[in-house]
Amino acid sequence: MAVFGKAFMPEMTLAKFDESGWSRPEIVSSDSISLHPGAHVLHYSSTCFEGLKAFRHEDGSINFFRMDRNIERMIQSSQLLSLPEVNAEVLQQMIVDIVARFAAEVPAPPGSMYIRPTHIGTEAAIGKAAAPTLESMLYVLLSPVGNYFSGGDTTLRLLLEENASRCAAHMGMVKSGGNYASALQPILKARASVQADQVLFCPGGDVQETGAANFLLIDGNEIITKALDSTFLHGVTRDSILTLARDMGMQVSERELSIEELLERAAKPGTEAALSGTAAVLAPVGTLIYNGKEHRVGDGHTGKTTVKLRQALNDIQWGKAEDRHGWLTSL
Ligand SMILES: *Cc1c(COP(=O)(O)O)cnc(C)c1O
């Protein structure tokens, strides 16, 4: 389990869609798929994916975290990309079946089994730049993952970028391949020029999200993060952290946050910032880089509230705290 996402279970569940509808899902080898070189996905990016986790509890049970949310988002992504309609029950069964097959391989906390449902347009039709694929393939890959945090107090450096967008505004809430390729050049440039870990996209000065995680600012008892709209990805972790913060009596402000306000608040001692996503839950941000200047967030170290919120979510995922919101479903 060296690098996140490089180890795969040897089999996956797979279903295909064509003019006769969806095939019965099958368990097949995960080492390759066969595609026509003219497949729609390879030319016109008809592709979306999901990322969720299954956790092993001390009693030996295997538990999925908020699987219904990821399935809903996969259905929505497929719709917004004009891919064939995905059925929630079928996708859920595909996830359950493949995790059941590899239940013995689900790592114990802080590890987990990362689940990657993927939906791609497979029709061989290079004339369809402006038409939907009539054929597709849906599969569920598994990748066991270890502890995201290697220990120590490492915080992220983010470059605030107001002149580039992560992706087209109407594609923000779609978990689709092209969006990540689209964000890559700004990220590579930020790494090379200011040794940033990630770019925090702030189109027109409005603080949005990074290439693959949502952004949260924690100022005392208040959490500030952008209100949901179609320009960015609606993270399940974001929603879960905000729910736990409300449970703890924190004030949750879902609203626009300008670069100006962000830097002003970040300069205060005690302010924290974090990135949220399934892989890391919450990753602390220590430095914001803007117009060639570095701004520490609070004291630049991992914040207390960040750790507390991450622990609260991990405790539920790991079966160490009561699942008051019904987020877990057992295998
Ligand atoms: C997946 C993703 C997130 C985080 O979503 P989670 O459901 O919390 O994992 C945030 N932003 C982008 C762009 C993403 O792709």
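Read the figures in this text as sums done on the coordinates, not as results from a lab. Here the structure is a predicted model, which is why all the values come from computation and not from measurement. Please note: Cβ atoms are built from the backbone with ideal geometry, for glycine as well, and neighbour counts cover all protein chains shown.
Tabulated values for the structure
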| quantity | calculated |
| --- | --- |
| Antiparallel bridge percentage (DSSP; both residues within the chain; nearest 5) | 80 percent |
| Share, in percent, of DSSP beta bridges within segment 59-216 that are antiparallel, nearest 5 | 75 percent |
| Cβ-derived FRET efficiency at R0 25 Å, Asp239 paired with Ala267, nearest 0.05 | 0.30 |
| Residues Ser276, Ser230, sorted so that the one with the fewest Cβ neighbours within 10 Å comes first | Ser230, Ser276 |
| Gain upon complete extension [Lys189, Trp22; 0.36 nm per residue less C-alpha separation] | 55.9 nm |
| Within-13-Å neighbourhood charge of Val236 [Cβ basis; K, R +1; D, E -1] | +2 |
| Cα coordinate range in segment 1-137, projected on the principal axes (Å, largest first) | 53, 27, 24 |
| Alpha carbon centroid spacing (whole Å) that separates segment 1-23 from segment 226-281 | 32 Å |
| Within-11-Å neighbourhood charge of Pro117 [Cβ basis; K, R +1; D, E -1] | +2 |
| Debye, to nearest 20: dipole size of segment 11-145, +1 on Lys, Arg Cβ, -1 on Asp, Glu Cβ | 300 debye |
| Angle between the chain longest axis and helix 236-247 axis [Cα atoms, degrees, rounded to 10] | 50 degrees |
| Packing-based exposure ordering (other Cβ within 10 Å, fewest first) of Lys128, Lys6, Lys226 | Lys6, Lys128, Lys226 |
| Convex hull per residue volume in Å³, alpha carbons only, for segment 199-331 | 110 Å³ |
| Label-reachable residues, segment 222-258, where backbone N falls under 16 Å from a point 7 Å from Lys293's Cα toward its Cβ | none |
| Virtual spin-label span in nm between Lys6 and Lys320, 7 Å along Cα→Cβ | 2.8 nm |
| Estimated FRET transfer efficiency (Ala130, Glu256; beta-carbon r; R0 25 Å; 0.05) | 0.15 |
| Hydrodynamic radius by Kirkwood, which averages 1/r over all alpha carbon pairs of segment 63-131, in angstrom | 14.0 Å |
| Gain in span if fully extended, His170 to Ala108, counting 0.36 nm per residue against the direct Cα distance | 18.5 nm |
| Centroid-to-centroid separation of segment 69-97 and segment 98-146 [C-alpha atoms, Å] | 11 Å |
| Relative contact order (%) - segment 31-85, alpha-carbon pairs under 8 angstrom, separation at least six | 30 percent |
| Helical contribution to [θ] at 222 nm, DSSP H n ≥ 4, -39,500 (n - 2.57), averaged over the chain, rounded to 500 | -8000 deg cm²/dmol |
| Net charge, Gly319 excluded, C-beta distance under 14 Å - Lys, Arg +1, Asp, Glu -1 | -1 |
| DSSP bridge orientation in segment 156-317 - percent antiparallel, rounded to nearest 5 | 60 percent |
| Residue order, fewest to most beta carbons within 10 Å, for Cys202, Cys167, Cys48 | Cys167, Cys202, Cys48 |
| Most mobile of Ile126, Ile115, Ile71 in a GNM of the chain (Cα contacts under 10 Å) | Ile126 |
| If the convex hull is drawn through the Cα atoms of the chain, its volume per residue in Å³ | 133 Å³ |
| Segment Leu35-Leu80, extension gain: residue separation times 0.36 nm, minus the distance between their alpha carbons | 13.9 nm |
